[in-house]
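What follows is a short report on a single structure.
The values are calculated or read from the model by the stated rules, or taken from the named source; none is laboratory data. It should be emphasised that the depicted structure is a prediction, and the values quoted were computed from it without experimental measurement. Glycine gets a Cβ as well: all are built from the backbone with ideal geometry, and neighbour counts include every protein chain shown. With ligands, DNA and RNA removed, areas are computed over all heavy atoms of the protein, side chains included. Shrake-Rupley method; radii C 1.70, N 1.55, O 1.52, S 1.80 Å.
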Amino acid sequence: MDKYKLTHRLLKQSIKSLFNRQLTSNNPIYRSISALPLGNGGQNPQLYRSFGSLATKVERNPSFSSLNSDDVSYFKGVLGEKNVVQDEDRLETANIDWMHKYKGSSKLLLLPRNTEEVSKILEYCNSRRLAVVPQGGNTGLVGGSVPVFDEVIINAGSMNKIIAFDKVSGILVCEAGCILENLISYLDNQGFIMPLDLGAKGSCQIGGNVSTNAGGLRFVRYGSLHGNVLGLEAVMANGDVLDMLGTLRKDNTGYDLKHLFIGSEGSLGIVTKVSILTPPKLSSVNIAFLACEDYLSCQKLLSEAKRKLGEILSAFEFLDSHAMDLVLNHLEGVRNPLPSAVHNFYVLIETTGSGVSFDKEKLEAFLLHSMESGLISDGVLAQDINQASSFWRIREGVPEALMRAGPVYKYDLSIPVEKMYGLVEEMRLRLGQSANVVGYGHLGDGNLHLNISAPRYDDTILAQIEPYVYEWTSKHRGSISAEHGLGLMKANEIFYSKSHETVQLMASIKKLLDPNGILNPYKVLPHSRCSYS
């Protein structure tokens, strides 16, 4: 398309109405997929588990007790019959992650309704040395929210009350089991938004978001939960309740201990309440879907967007042509906004501000300049809420499309932006025709979602991927976990991103706060540093 036509498309298509992101309550991402077989090498599966051919074999901690009828009777006395679940079908769902990659063998699911019940559960489990796994929406990707063996599952879904909301400060206080999408809807009615938004919002819970320090689509604008969470309440392994549920933006009294529980994946305590700072909902939202011919143009476009869009830039997402092909071929009803040609890269830019005319003119001027300088080769502005939602559906639908395509190896990496796509290109050279290597993610904050789609889970393919992906990331001073956490999948790989001294200090904190090691065992820290007592 020549410059005149592109200019016409970018500048003459007016936005007919202001729009906000459309929410869908029945997110189809979480449908079942092909299972990854769990090997046990001929060993008793209750004593040993291996997850993938290259994973270190996990041994059940011999100091942990096994559940008995007296334990079940105690929990029924605390929670009531209906909140102590032994039904095999419900346990089957709770024991397996949504990717069907990690599967435990828990015989008990507990559904506490308040902090006091969580406290009684943990006090008892600690005294009995019954290991537990905290579980929210179970939308994680690294095996952090399901049992490895027979750990008791504690699901916070019944703790779903909004406790308070201050319309002056925008501070929300709620229980950990609140579903993110419900909080988004509640705040929308109040004229505010959540600083966190992600594809799993229809199922994930805020307690799990905080416990994994989830990033998501608005990170480039609002930053991490370490900055947005003002306070929290957490229950320790021994049942003690830590009340850190502050609502002050400034509180410089002593150590800010809440940060220990943000991102520790339930390994130091179970988050039961959260106070979070929410920004006001602004009236002007614009979305552009653009095409770039090479990754260097994507980088330059990001730099220009930060300079020229500045305070109104709220999202900068990218996907490559492989990701686009998957979405178009595997998701029903998705259409290519730029059908006239095939492009190597696609970028979604969202701006959010308070000046309707000013913001629109600013974005149009930026797009015109980017076109004239050759950074973009095609593009379109959303004209209404339906088109805006269709643009976001493409980006948010990539994980679902990958699942529908078949077995997939998923890696969540933080890499300097200029180096990021180099890993995708190197993996294509390593794997050749044996797998489809897909790159997409949050370019605005240097977060690559590297996905390798294969006909089947295969030891030969996995050996080509790991540990090369981790070594490459470490060599370029990146992080092997940008926003998904470490869980079981990457607990033993932590040294690719953290020094031995740092990990040893983490293990010391774990030992101090959870001396019996009952909280989400086998996760986050390498098994060599979690010696059995």
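Out of all the residues in segment 492-503, is one or more in contact with a helix residue (DSSP H, G or I) (Cβ under 7 Å, 6 or more places away or on another chain) and under 28 Å from Asp240 (Cβ atoms)?
The answer is yes, given that some residue of segment 492-503 is in contact with a helix residue (DSSP H, G or I) (Cβ under 7 Å, 6 or more places away or on another chain) and under 28 Å from Asp240 (Cβ atoms).
Please determine, by comparing only the residues of segment 395-414 that are part of a helix (DSSP H, G or I) and of a type in the set (D, E, K, R), which one is farthest from Trp472 (Cα to Cα).
Top of the filtered list is Arg404.
Does at least one position in segment 80-89 carry a residue that is part of a helix (DSSP H, G or I), free of Cβ contacts under 8 Å to residues at least 40 places away in the same chain, surrounded by fewer than 20 Cβ atoms within 10 Å (Cβ to Cβ) and hydrophobic (A, V, I, L, M, F, W, C)?
No; the residues of segment 80-89 include none that is part of a helix (DSSP H, G or I), free of Cβ contacts under 8 Å to residues at least 40 places away in the same chain, surrounded by fewer than 20 Cβ atoms within 10 Å (Cβ to Cβ) and hydrophobic (A, V, I, L, M, F, W, C).
Matching residues to (1) touching an Asp or Glu at 6+ places or on another chain (Cβ under 8 Å); (2) of a type in the set (A, V, I, L, M); (3) more than 23 Å from Tyr222 (Cα to Cα):
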site	(1), (2), (3)
Lys308	no, no, no
Ser354	no, no, no
Lys360	no, no, no
His369	yes, no, yes
Ile376	no, yes, yes
Met403	no, yes, yes
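Answer yes or no as to whether Val132 is of a type in the set (Val, Ile, Thr) and buried (at least 24 other Cβ atoms within 10 Å of the Cβ).
Yes.
Give the residues of segment 314-364 that are touching a helix residue (DSSP H, G or I) at 6+ places or on another chain (Cβ under 9 Å), part of a helix (DSSP H, G or I), open to solvent by less than 60 Å² (accessible area, probe 1.4 Å) and not acidic (Asp, Glu), sorted by residue number.
Within segment 314-364, Ala323, Met324, Leu326, Val327, Leu328, Lys362, Leu363 meet the criteria.
Can you tell me which residue among Val417, Val438, Val424, Val408 is among the β-branched types (Val, Ile, Thr) and either in contact with a Lys or Arg (Cβ under 8 Å, 6 or more places away or on another chain) or within 23 Å of Pro337 (Cα to Cα) (or both)?
It is Val438.
When Ser106 is evaluated against the numbered criteria (1) under 27 Å from the mean Cα position of the chain (by Cα); (2) in contact (Cβ under 8 Å) with a residue 60 or more places away in the chain, which criterion, by number, is the only one it fails?
Status for Ser106: all satisfied but (2).
Within segment 462-481, how many residues turn out to be part of a helix (DSSP H, G or I) and open to solvent by less than 20 Å² (accessible area, probe 1.4 Å)?
Summing the residues that are part of a helix (DSSP H, G or I) and open to solvent by less than 20 Å² (accessible area, probe 1.4 Å) in segment 462-481 gives 6.
Somewhere in segment 488-495, is a residue modelled with pLDDT under 95, within 18 Å of Val132 (Cβ to Cβ) and part of a loop (DSSP other than H, G, I, E, B)?
yes
Quickly run through segment 92-109 and pick out the residues that are within 12 Å of Glu151 (Cα to Cα) and either open to solvent by 60 Å² or more (accessible area, probe 1.4 Å) or part of a helix (DSSP H, G or I) (or both).
If the condition is that a residue be within 12 Å of Glu151 (Cα to Cα) and either open to solvent by 60 Å² or more (accessible area, probe 1.4 Å) or part of a helix (DSSP H, G or I) (or both), then Ala94, Asn95, Lys103, Lys107 are the ones that fit.
Listed residues Gly485, Gly444; which is part of a helix (DSSP H, G or I), at pLDDT below 95, in contact with a strand residue (DSSP E or B) (Cβ under 9 Å, 6 or more places away or on another chain) and not charged (D, E, K, R)?
Gly444
Can you give me the ranges of the strands (runs of 3 or more DSSP E) entirely in segment 139-248 with at least 2 residues that are open to solvent by less than 10 Å² (accessible area, probe 1.4 Å) and under 30 Å from Arg60 (Cβ atoms)?
Where strands (runs of 3 or more DSSP E) fall fully within segment 139-248 and carry at least 2 residues being open to solvent by less than 10 Å² (accessible area, probe 1.4 Å) and under 30 Å from Arg60 (Cβ atoms), they are 152-155, 229-235.
Can you run down the residue pairs with Cβ atoms below 8 Å, 6 or more apart or on separate chains, where the first is in segment 349-366 and without any contact (Cβ under 8 Å) to a residue 60 or more places away in the chain and the partner is buried (at least 18 other Cβ atoms within 10 Å of the Cβ) and part of a helix (DSSP H, G or I)?
Hits for this filter: Lys362/Ile312.
Can you tell me which condition Gly266 does not meet? The list is (1) touching an Asp or Glu at 6+ places or on another chain (Cβ under 8 Å); (2) open to solvent by less than 20 Å² (accessible area, probe 1.4 Å); (3) part of a loop (DSSP other than H, G, I, E, B), and all the others hold.
Only one criterion is unmet by Gly266, namely (1).
Could you pull out the residue among Ile193, Ile270, Ile276, Ile262 that is out of contact with any Cys (no Cβ under 9 Å at 6 or more places or on another chain), over 24 Å from Leu519 (Cα atoms) and in contact (Cβ under 8 Å) with a residue 24 or more places away in the chain?
Going through Ile193, Ile270, Ile276, Ile262 in turn, the sole match is Ile193.
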